Amino acid sequence: MVAKRAAAQAGRVPAIAAAHLRAEADPYHPVTNPGGFLNLGTAENRLGWDLLAGRVTAPRRLTPADVRYGPLHGTHKLREATAAQLSRLLGTAVDADELVVVSGASAALDIAASVLCDPGDAVVVPAPYYGALEVLLTVRSGARLLPAPMRTADGFRLDPAVVAETVVAARRRGETVRALVLTSPDNPTGRVHPAADLRELLAVAARLDLDVVADEIYAGSVFGPAPFTSVLDGGPRVHVVWGFAKDFGLPGLKVGALCSRDPEVLAAARALAYFAPVSSDTQALLAGLLADGDWVRGYLDASRARLAAAYRGVTAALADAGVPHLPASAGFSVWLDLRAWLAEPGPPGEHELWQRILDSARVNILPGSAFGSPEPGWFRLCFATDAALVREAVRRLGAVPR
């Protein structure tokens, strides 16, 4: 018989994961499986393998140190290379000793919540939010996710006043709100938060005595005109998460980093890294990848150009299909407005539509409920894959009866 916490964790498989596995088990192919699933529910960048393959698959020379025990929070070589990359990417100097490298950004978020929160504490998160945060921030830490619902009428724009109101109301109810977590650029909407909004949000966090954890994993995947602004320089209680899954299209390698300038947070995070280390071989591979600065710059430029082209393609297909959406400037997804397709209002109508799209159209996109959307009828569609597959999926989506 397993412990209660383990049983609870086993019963909380994110909808993102379940839908992904179903779609990947029976994938569409225009010739061999035309009735298969089109998986536009998973935020992977599948546009750049030809740019990466030569670097990732090339023979390389390992040293004895590359297969021995090393620092469980990341080798100095990889932390140094990652710090240099983040310094360029985030626009502020990052030191290797400010980084804790672990097995993915998900692990970094889990560690951040476990370091900052006691069981029962609340973490306020602007909604809609990255769907896996519900599990990552709460299951092991014992904390509770507190949504701050952004307004549909404002296109879900980040509103620091709503965050403040949510925290104040929770504290009046006797709740302990410990931290603020946001994704920047935003997932699922693909919005790049304006610098002024981020400054105001940091001021709210300081006034309300909150630590801030910013998941900036899409920082290098901004393809629109809006400039990205990191919050890393927002003070010692601001902590940033980044990883190789999105900007470098390497989610299967499971390598992420927590960046903090708080010595106590770093010490605790290094201790928890014992449970989420990265293989020394993978660290050697990525350190070598980052060592060639010219290649990294060229790769990221090409990746952003391909994302921009893919975004133009999906928005044109959506326009042809009569499917409305919010504009996006970063990441791999667009936030679709399918409220007109709901057979009935509210969450039951959204769930029914999701199942209809998945079962009948054989298209995997994810409903707003998986992202804590304040209003039913919004769906996330990921477009960073083969353009023909995206067009076919949008065609099927447009054919779903209203």
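Approximating the spin labels as points 7 Å out from Cα along Cα→Cβ, the His351-to-Arg140 distance works out to 3.0 nm.
Taking label points 7 Å from Cα along the Cα-to-Cβ direction, Ala169 and Asp197 give a separation of 1.9 nm. What's the FRET efficiency of Leu21 with Thr152 using the Cβ-Cβ distance as r and R₀ = 30 Å, to the nearest 0.05? Efficiency computed from Cβ-Cβ geometry: 0.45. Here r is the Cβ-Cβ distance between Ala388 and Arg61 and R0 is 35 Å; the resulting FRET efficiency, rounded to 0.05, is 0.30. For Thr92, the shell of other residues with beta-carbons less than 12 Å away shows a net charge of -2, using +1 for Lys and Arg and -1 for Asp and Glu. The Cα-based radius of gyration of the chain, divided by its Kirkwood radius, gives an Rg/Rh of 0.96.
Distance between the pseudo-spin-label points of Asp209 and His29 (7 Å out from Cα toward the beta carbon): 6.1 nm. In plain terms, the C-alpha convex hull of the stretch 333-383 casts an average shadow of 3.2 nm² when viewed from every direction. In terms of the Cα gyration tensor, with a ≥ b ≥ c the square roots of its eigenvalues, is the stretch 217-268 rounded because a/c is under 1.5, prolate because a/b exceeds b/c, or oblate? It is oblate, given that a/c is not under 1.5 and a/b is not larger than b/c. With viscosity 1.306 mPa s and temperature 10 °C, the Kirkwood radius over alpha carbon pairs of the stretch 121-279 converts through Stokes-Einstein to a diffusion coefficient of 97 µm²/s. Over the stretch 196-296, the Kirkwood radius and the radius of gyration, each from Cα atoms, give a ratio Rg/Rh of 1.01. The charge dipole of the chain, taken about its Cα centre with unit charges on the Cβ atoms of Lys, Arg (+1), Asp and Glu (-1) only, comes to about 440 debye.
Excluding residues on the same chain fewer than 8 positions from Lys254, give the lysines whose Cα lies under 22 Å from its Cα. Cross-link targets: Lys77, Lys246.
Dipole magnitude for the stretch 108-172: computed about the Cα centre from +1 point charges on Lys and Arg Cβ and -1 point charges on Asp and Glu Cβ, it is near 100 debye.
A convex hull fitted around the alpha carbon atoms of the stretch 240-326 yields 152 Å³ per residue.
Taken along its three principal axes, the alpha carbon spread of the stretch 272-402 comes to 53, 37, 24 Å, from the longest extent down to the shortest. Mean residue ellipticity, 222 nm, helices only, the chain: the sum of -39500 (n - 2.57) across DSSP H runs of n ≥ 4, divided by residue count and rounded to 500, is -12000 deg cm²/dmol. Taken over the alpha carbons of the stretch 157-205 as equal point scatterers, the Debye sum produces base-10 log I(q)/I(0) values at 0.13, 0.23, 0.31 Å⁻¹ of -0.33, -0.87, -1.20. Springs join every pair of Cα atoms under 10 Å in this Gaussian network model of the chain, and among Thr152, Thr42, Thr57 the largest mean-square fluctuation is at Thr57. Using a ≥ b ≥ c from the Cα gyration tensor of the stretch 288-354 (square roots of the eigenvalues), is it rounded, prolate or oblate, where a/c under 1.5 gives rounded and otherwise the larger of a/b and b/c decides, a/b for prolate? Since a/c reaches 1.5 and a/b is larger than b/c, the shape of the stretch 288-354 is classed as prolate. Ranked by the mean number of other Cβ atoms within 10 Å of their residues, highest first, the peptides 61-68, 95-102, 171-178, 242-249 come out as 242-249, 95-102, 171-178, 61-68. Taking a ≥ b ≥ c as the square roots of the eigenvalues of the alpha-carbon gyration tensor, the stretch 24-122 is classed oblate because a/c is 1.5 or more while a/b is no larger than b/c.
What FRET efficiency comes out for Ala271 versus Ala340 if R0 is 35 angstrom and r is the Cβ-Cβ distance? Round to the nearest 0.05. For Ala271 and Ala340, the calculated efficiency is 0.10.
Here the Gaussian network model covers the chain, with springs between Cα atoms less than 10 Å apart; of Val124, Val323, Val94, Val323 fluctuates the most. In the full protein context, the chain carries 42 Å² of accessible surface per residue, based on a 1.4 Å probe and ignoring ligands, DNA and RNA.
The values are calculated or read from the model by the stated rules, or taken from the named source; none is laboratory data. The model shown is predicted, which means the values in this text are computed figures rather than measured ones. Here Cβ is always computed from backbone atoms with ideal geometry, including for glycine, and neighbour counts include all displayed protein chains. When the accessible area is computed, the model is the full protein with side chains, heavy atoms only, and any ligands, DNA or RNA have been set aside. Shrake-Rupley method; radii C 1.70, N 1.55, O 1.52, S 1.80 Å.
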